[in-house]
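Read through the structure below, which is laid out as structure tokens, and then see the notes.
The values are calculated or read from the model by the stated rules, or taken from the named source; none is laboratory data. All figures in this text were calculated on a predicted structure; none of them were measured in a lab. Heads up, the Cβs are rebuilt from the backbone with ideal geometry, glycines too, and the neighbour counts pull from every protein chain shown.
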């Protein structure tokens, strides 16, 4: 099949196929999870997208054409407020259903689940596939996502040079220069802490995101300004922030 690369924004999966497969085998992803294929998408804030996958070029092309209409991997708008997505739960129209069925029947690529991991620098979309339709994709997600996260960290860390080489304008982004930050983002490290936030603290964060100062927050929430400042200090402690600006950044990153 001839490849029309104008269909994509950027895909280097063919160029780095040997390196990609080497990392897949070194990590023993299949042995640990039975995941046969993967696609890692990096979506930058200027809407530029970069994909790396161990699917052959013709499958990537097909997946790009069909996937852009059928699942979350290529549609950021549909992923709002989600940390993972089961493509099989989509309601497809006729064309979408046709594309998905062709991908599965002809190419034996079955989208099992995707992970959505957000940072202020970019959003990662991490898709796990099998070469057969799994009975319970949600259970597969629950049983394997932790290992799949580890693989994605391993893979991205070992491909950083190649990623930056093709996306030099982003070479100074902290997500690419600080492995701890990359790990924290992929492992959803902050999510555990956000669960400790109270409803009133969430309400306070939402007002802060709308540029409300403490005085206006106190009026909107019908509480004293001192209570607002206590909320802010509590939020800082729970989210590991040292300033209101950091709270603002993390609230965007994790859709609080």
Take the residues in the range 240-251 that are at pLDDT 80 or above and assigned to a helix (DSSP H, G or I); name whichever of them is surrounded by the fewest Cβ atoms within 10 Å (Cβ to Cβ). 245
Being at pLDDT 75 or above, over 23 Å from residue 16 (Cβ atoms) and in the same structural domain as residue 26 (by the TED database), is that true of even one residue in the range 120-129? yes
Go through the range 137-174 and count every residue that is in contact (Cβ under 8 Å) with a residue 40 or more places away in the chain and over 19 Å from residue 38 (Cβ atoms). 4
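For the range 177-189, which positions are in a loop (DSSP other than H, G, I, E, B) and either surrounded by 16 or more Cβ atoms within 10 Å (Cβ to Cβ) or touching a strand residue (DSSP E or B) at 6+ places or on another chain (Cβ under 7 Å) (or both)?
Of all residues in the range 177-189, those in a loop (DSSP other than H, G, I, E, B) come to 178, 187-189.
Answer for the range 177-189, where residues must be in a loop (DSSP other than H, G, I, E, B) and either surrounded by 16 or more Cβ atoms within 10 Å (Cβ to Cβ) or touching a strand residue (DSSP E or B) at 6+ places or on another chain (Cβ under 7 Å) (or both): 187, 188.
Residues are listed down the side, and each one gets a yes or a no for (1) over 18 Å from residue 106 (Cβ atoms); (2) out of contact with any strand residue (DSSP E or B) (no Cβ under 6 Å at 6 or more places or on another chain); (3) at pLDDT 80 or above:
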position	(1), (2), (3)
11	yes, no, no
33	yes, yes, yes
81	yes, yes, no
90	yes, yes, no
Per the list (1) modelled with pLDDT under 75; (2) within 19 Å of the chain's Cα centre (by Cα), residue check on residue 153 breaks on (1)
Count of the range 167-176 residues which are surrounded by fewer than 16 Cβ atoms within 10 Å (Cβ to Cβ) and under 25 Å from residue 14 (Cα atoms): 3
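Looking at residue 154, is it assigned by the TED database to the domain that holds residue 49 and in a helix (DSSP H, G or I)?
Working: assigned by the TED database to the domain that holds residue 49: yes; in a helix (DSSP H, G or I): yes.
Judged against the criteria, residue 154 is a match.
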Here are the criteria: (1) at pLDDT below 70; (2) within 20 Å of residue 99 (Cα to Cα). Tell me which single one residue 38 does not satisfy. (1)
